[in-house]
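The values are calculated or read from the model by the stated rules, or taken from the named source; none is laboratory data. In this text the structure is predicted, and so the values were computed from the model without any measurement. Cβ placement follows ideal geometry from the backbone for every residue including glycine, while neighbour counts extend to all protein chains displayed. What goes into the accessible areas is simple: the full protein's heavy atoms, side chains included, and nothing from ligands, DNA or RNA. Shrake-Rupley method; radii C 1.70, N 1.55, O 1.52, S 1.80 Å.
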Amino acid sequence: MLSAIRAGGERGTSTLEFAAVLPMLCLILVTIIELSRAWFTLNLVTSAAREGVRTAAVSTPASASSAGSARIDEVLQAAGMTCASGTCTVTCTPSPCALDSQVTANVTVPFRTIVPAFLPSMQSVNVVQTARMRYEGP
């Protein structure tokens, strides 16, 4: 009789344990998802900067900056992202581009978390990447 009472008193224990652990598991899952999105954004911004500087490095001197900026916009728009207001630039030093000049692409994209309540420090972060290449000409 005592064993029947003891077994009946432990019913629901696993449910309570699961309810206690569930919020922690959800927090870990959301953190993994957000960090994956941030890593994806960083890789995309790096690729856009590289594509933009490479396009500018092989374009004509007169259109190097505009061609590089257009390529950056294409890469970002393919992923549904845009530059932060006026922060995606391609420059040539010295200007205008000449052989062996340095072409620099700066790309800044805002990253916003989808759950700011869980990760308030990542609510709005700018992802910045710079790429440099020697101008080669067309």
Exactly one of these conditions fails for Ile28: (1) exposed (fewer than 13 other Cβ atoms within 10 Å of the Cβ); (2) under 18 Å from Met133 (Cα atoms). Give me its number. (2)
Val109 crowded, with 19+ Cβ neighbours inside 10 Å, farther than 21 Å from Trp39 by Cβ and among the β-branched types (Val, Ile, Thr): no
Check off (1) of a type outside the set (Val, Ile, Thr); (2) surrounded by fewer than 19 Cβ atoms within 10 Å (Cβ to Cβ); (3) in contact with a Leu (Cβ under 7 Å, 6 or more places away or on another chain) for Tyr135 and give me the number that stays unchecked. (2)
Within segment 78-94, is there a residue that is farther than 30 Å from Pro120 by Cβ, modelled with pLDDT under 90 and out of contact with any helix residue (DSSP H, G or I) (no Cβ under 6 Å at 6 or more places or on another chain)? yes
Against the condition of a type in the set (A, V, I, L, M), modelled with pLDDT of 90 or more and surrounded by 13 or more Cβ atoms within 10 Å (Cβ to Cβ), how does Leu42 come out, does it pass? yes
Please work out which one of (1) open to solvent by 70 Å² or more (accessible area, probe 1.4 Å); (2) within 30 Å of Asn126 (Cβ to Cβ) is the condition Arg11 fails and give its number. (2)
Could you count how many residues in segment 45-64 are within 17 Å of Val107 (Cβ to Cβ), small (Gly, Ala, Ser), open to solvent by 30 Å² or more (accessible area, probe 1.4 Å) and more than 15 Å from the chain's Cα centre (by Cα)? 0
Residues located in segment 84-127, provided they are out of contact with any strand residue (DSSP E or B) (no Cβ under 9 Å at 6 or more places or on another chain), in contact (Cβ under 8 Å) with a residue 12 or more places away in the chain and either aliphatic (A, V, I, L, M) or not in a loop (DSSP other than H, G, I, E, B) (or both): Ile114, Val115, Leu119
Here are the criteria: (1) over 21 Å from Gly137 (Cα atoms); (2) not in a helix (DSSP H, G or I). Tell me which single one Ser59 does not satisfy. (1)
Met81 vs (1) open to solvent by less than 40 Å² (accessible area, probe 1.4 Å); (2) within 30 Å of Ala117 (Cα to Cα); (3) in a helix (DSSP H, G or I): all pass except (3)
Residue among Ala67, Ala19 that alone is in a helix (DSSP H, G or I), of a type in the set (A, V, I, L, M, F, W, C) and open to solvent by 50 Å² or more (accessible area, probe 1.4 Å): Ala19
I'd like the full set of residues that are open to solvent by 60 Å² or more (accessible area, probe 1.4 Å) and within 14 Å of Arg134 (Cβ to Cβ), limited to segment 92-106. Thr93, Pro94, Leu99, Asp100, Gln102
With respect to Arg37, determine if the residue is basic (Lys, Arg) and under 13 Å from the mean Cα position of the chain (by Cα). yes
